[in-house]
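Novice: Got a structure here, written out as structure tokens. Questions coming.
Coordinate-derived values only; no laboratory data. Quick caveat: nothing in here was measured; it's all calculated off a predicted structure. Please note: Cβ atoms are built from the backbone with ideal geometry, for glycine as well, and neighbour counts cover all protein chains shown.
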Amino acid sequence: MNGDTEYDNDYWMTHDVNICDKQTIKSLMHPALEEHNKSLTWIQETAKEINANIVISTNEYYDPKKHNSAIYMKGRKSNISYKIEINYHPRIANLCAKRIDEISINEENFRILNKFIISKMITFNVRWYDLRIMDWSSICIENESGIMSWPGDIIVSVMNALYNDIYSALDSKMNTLRSTLIEALPVYWFVNKQFYNISYNNIALLSESLEDLHYTDVSDSMDEFSQKTLTIRKLIKIIYQEDDEFKEYE
Amino acid sequence: MNLRSMNSMRGDSSFWWNDSINICEKESLNSINYSNYNELKEVFDSIEHKAREIDAEIIITKGKRYKSDMGKYFYIKFKGEKSKISYRITGIYEPLITNLIYKRLNEISANERTDKDDVGIMLDGQFQFDIEWFDILEKNWRKFDHSGEHYGTDLDLGFMECKKHWIVDIMDFLHKDVISSLEPDMGKLREMLAEALPQYWFVNEQVDNITFDDIASLSERYIDLALISNLREKSKYTSKLNTIKKLIKKMY
């Protein structure tokens, strides 16, 4: 007997998804996981708001144990193309559904429930489209929050962060997004993917400022980091000709 | 001529190449010990004895996964008594090395065996063990590195004696996993339990009507304990370990 046959008789080992809804994110819903379903609905609503495209794919790397989907979207100002690859593991959802109704979820038990079960039900990778190599490059974005959020909720946060990428990159923890923008902004300028008639000098200045911020150690000098952040915000405001919009993300 | 008598032909310089199994004992671990070496038989006997005691299943197989084509491997599969976590110990036995060693081992004195690293390396080569637990989410066996803890190879005991104790103790410790986790040196075991216990709760494999809150609380405390040094913060460490002990007592 090897590992593949362990627990095979249990119904929750099934990998099936709801075939009636296979072309939409609803196919990833589970009848017994209300919160999970809510978070998927939230993804769908957010996708509409930010004009993102959700694709439920069965590509050449298709693995029947998990269902691969992707959200394609662009940065609101940067126009950089992003892809959030979503791997949904129905077997883990089924396992979770088996006894979740016996748990009165609170902050304390959710930490363990999320760390070892729920977070593995949907995993995701974030990528940006690198025009130089004509391929998707990885951006490492991880969920560090201890709050009670289902994987779908985290994906919504990521979608919003990528949509507002230029401002999100000013967050001290957004290291990899920041380093992505340092490269991607000049690259996307060349294909004229940005609006607002931005000059290359301005893009280069923004990229350099982000690079400078990137090498500022926030743990060493919080004040210095905040000061640089403020300067970049002003620069963004000028480059993207913002007035009221600036306040929204301040 | 049967295999045992073939093996006893000490004058045959190539006998140790033999990789056949003793078909008369093919259901027991001794089926892969066709060498007539009592020390080895004792190791296998004590593993089998412990397996009966803890209701473990021993599966003997052969394959080409490891060092040589002649390598035999066997699985010892069992569950944690309280946790119901599935464990698998894979033993890889290289008869080629055993036969080679025992060809002239009697020419080396017992003291020399313990003193010389190269003898130890040779002795070590005849046996290897992988320890794994079954991850329900990944639906696969996951390596559980136990080697750095508590049970190192102690040649002072005599190699075979040590190996016998080592593997039997591992079986025992994993079978009583929840209790074993109270030993300060069992950090890796605690790390694994913190992850595995919540999973196994969902498949309803655990006894005693344990709630998820209890499991989450235990798991959290294991993680918490891992952040404290047993050496630098001795009293804090002991106090947290005692809390875990009380929790386990209450749960089980």
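Novice: Between A:ASP217 and B:HIS49, with labels modelled 7 Å along Cα→Cβ, what's the label distance in nm to one decimal, could you check?
Specialist: About 5.9 nm, to one decimal.
Novice: What order do you get for A:106-119, A:197-210 when each peptide is scored by the mean count of other beta carbon atoms within 10 Å, highest first?
Specialist: Output ranking for A:106-119, A:197-210: A:106-119, A:197-210.
Novice: Please report the net charge: other residues with Cβ closer than 13 Å to the Cβ of B:SER219, K and R +1, D and E -1.
Specialist: Values: positive: A:ARG111, A:LYS115, B:ARG190, B:ARG221; negative: A:GLU108, B:GLU191, B:GLU195, B:ASP213, B:ASP214, B:GLU220, B:ASP224.
Computed value for this residue: -3.
Novice: Once you have the Cα-Cα distance between A:GLU35 and A:SER137, take 0.36 nm times their residue separation minus that, and quote the gain in nm to one decimal.
Specialist: This chain segment gains 33.6 nm when fully extended.
Novice: Next question, about the same structure. How big is the dipole moment of region B:178-251 about its Cα centre under a simple scheme where the beta carbon of each Lys and Arg is +1, that of each Asp and Glu is -1, and everything else is neutral? Debye, nearest 20, please.
Specialist: Dipole size: approximately 440 debye.
Novice: Shifting gears a bit: For a 28 Å ceiling on Cα separation, which of these pairs sit above it: A:LYS74/A:LYS115; B:LYS79/B:LYS245; A:LYS115/B:LYS72; A:LYS173/B:LYS139?
Specialist: A:LYS74/A:LYS115; A:LYS115/B:LYS72; A:LYS173/B:LYS139
Novice: Using a 7 Å offset from the Cα along the Cα-to-Cβ direction at both B:ARG232 and B:GLU220, what is the distance between the two label points in nm, to one decimal?
Specialist: Result: 2.5 nm between the two label points.
Novice: Another question, if that's okay. Taking the Cα-to-Cβ direction at B:THR243 and at B:GLU183 and moving 7 Å from each Cα, how far apart do the two end points lie in nm?
Specialist: So the label points at B:THR243 and B:GLU183 sit 2.4 nm apart.
Novice: Going 7 Å from the Cα of A:LYS173 along its beta-carbon direction, which residues of region B:208-233 have the amide nitrogen within less than 20 Å of the resulting point?
Specialist: B:224
Novice: Here is a follow-up. When only alpha-carbon atoms are used, what values of Rg and Dmax, in angstrom, describe region A:68-130?
Specialist: Just the Cα atoms of region A:68-130 yield Rg and Dmax of 15.9, 47 Å.
Novice: Could you work out the local net charge near A:ARG178, counting Lys and Arg as +1, Asp and Glu as -1, over the other residues with Cβ closer than 13 Å to its Cβ?
Specialist: Details: positive: A:LYS173, A:LYS228; negative: A:ASP165, A:ASP171, A:GLU183, A:GLU208, A:GLU211, A:ASP212.
Here the count lands on -4.
Novice: Give the relative contact order (percent, whole number) for region B:178-251; include only Cα pairs under 8 Å separated by 6+ residues.
Specialist: 35 percent
Novice: Per-residue Cβ counts within 10 Å, from other chains only, averaged over A:87-99: what number is that?
Specialist: 2
Novice: If you count, for every residue in B:213-219, the Cβ atoms of partner chains within 10 Å of its Cβ, what is the mean?
Specialist: 5
Novice: OK, next. Counting only other chains, and only Cβ atoms inside 10 Å, what mean value do you get across the residues of A:111-122?
Specialist: Rounded to a whole number, the mean comes out at 5.
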